[in-house]
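Student: So that we are looking at the same thing, I have put the structure below in structure tokens.
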Amino acid sequence: MKILSHSELIRLILCIAVCQMAGAIGSLFTASSVGTWYADLSKPWFSPPGWVISAVWISLFTLMGISLFLVWRPALAGREQQANKKIALLVFAIQLLVNAGWSWAFFGLQSPPAGLAVIMVLWLLILLTIWRFWLISRTAAWLLLPYLLWVSFAAFLNYSFWRLNL
């Protein structure tokens, strides 16, 4: 097991912080609606309590940050690998923005249908990110699998909210 250098440790912390910041941005929209609009919605029986959702997202954003670090870290590679890395990082950045956009669509707009549309795009972008990361680091790709599974569950939950509150 290799110990991280000082610069690698800073890069790891930065990667995790960027991902956690996406969660914090999303929570700004969530916080304004949880006690009002969201509280009045009919909820499916399998809807987890807020503390579970928060704990899962904190864990997932941490895994995403580690995954990002594994792809972003400098390595000796040819031009093709560097091009793969740039594409992978771009796709990751886009999916991270769309992730924060889900909170805006669902909670900010108070619209389960808009949230469902965004989460479907997010799911596809996560899948694309996993594939692009796989080309660079299998470990980085595997670290994103819990994220894909949780967003799959969240999409079904979002759909259920929409159907129950037509």
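Student: Could you state the angle between the C-alpha long axis of helix 79-103 and the longest principal axis of the C-alpha atoms of the chain, as a value from 0 to 90 degrees rounded to the nearest 10?
Tutor: Approximately 20 degrees, to the nearest ten.
Student: Then there is this: Most mobile of 81, 95, 110 per a Gaussian network model of the chain (Cα springs, under 10 Å)?
Tutor: Among 81, 95, 110, the largest GNM mean-square fluctuation belongs to 81.
Student: On average, how much accessible surface per residue is there in the chain, in Å², for a 1.4 Å probe, leaving out ligands, DNA and RNA?
Tutor: Spelled out: the 1.4 Å probe surface of the chain, per residue, equals 56 Å².
Student: Hey, for a label at residue 31 modelled as a point 7 Å past Cα toward Cβ, could you say which residues of the stretch 85-122 have their backbone N under 15 Å away?
Tutor: 104, 108
Student: Tell me, how many Å apart are the Cα centres for the stretch 21-36 and for the stretch 48-121?
Tutor: 16 Å
Student: Probe radius 1.4 Å, ligands and nucleic acids ignored: give me the carbon and sulfur share of the accessible area of the chain as a rounded percent.
Tutor: 74 percent
Student: Say we join alpha carbon atoms closer than 10 Å with springs in a Gaussian network model of the chain; which of 35, 26, 115 then has the biggest fluctuation?
Tutor: Of the options given, 35 has the highest mean-square fluctuation.
Student: Under 17 Å from the 7 Å Cα→Cβ point of residue 139, by amide nitrogen: which residues of the stretch 1-18?
Tutor: Residues passing the 17 Å test: 1-16.
Student: Roughly what % of Cα-Cα distances in the chain sit above 26 Å, to the whole percent?
Tutor: Roughly 31 percent, rounded to a whole number.
Student: Quick one: helix 50-72 against the long Cα principal axis of the chain, what's the angle to the nearest 10°, folded into 0 to 90?
Tutor: Once rounded, the angle reads 20 degrees.
Student: Quick check of the Kirkwood formula: for the stretch 103-166, what is the inverse mean of 1/r over all pairs of different Cα atoms, in Å?
Tutor: Radius from the Kirkwood sum: 12.4 Å.
Student: Now a separate question. Taking the stretch 60-137 on its own, what percent of its Cα-Cα pair distances exceed 22 Å?
Tutor: 31 percent
Student: Which lysines, if any, have their Cα less than 30 Å from the Cα of residue 2, not counting same-chain residues under 8 positions apart?
Tutor: Reachable lysines: 85, 86.
Student: For the stretch 17-85, go through all pairs of different Cα atoms, get the mean of 1/r, take its inverse, and jot down that Kirkwood value in Å.
Tutor: Computed over Cα pairs of the stretch 17-85, the Kirkwood hydrodynamic radius comes out at 14.9 Å.
The values are calculated or read from the model by the stated rules, or taken from the named source; none is laboratory data. Keep in mind it's a predicted model, so treat the numbers as computed, not measured. Glycine gets a Cβ as well: all are built from the backbone with ideal geometry, and neighbour counts include every protein chain shown. SASA here: full protein model, heavy atoms, side chains in, ligands and nucleic acids out. Shrake-Rupley method; radii C 1.70, N 1.55, O 1.52, S 1.80 Å.
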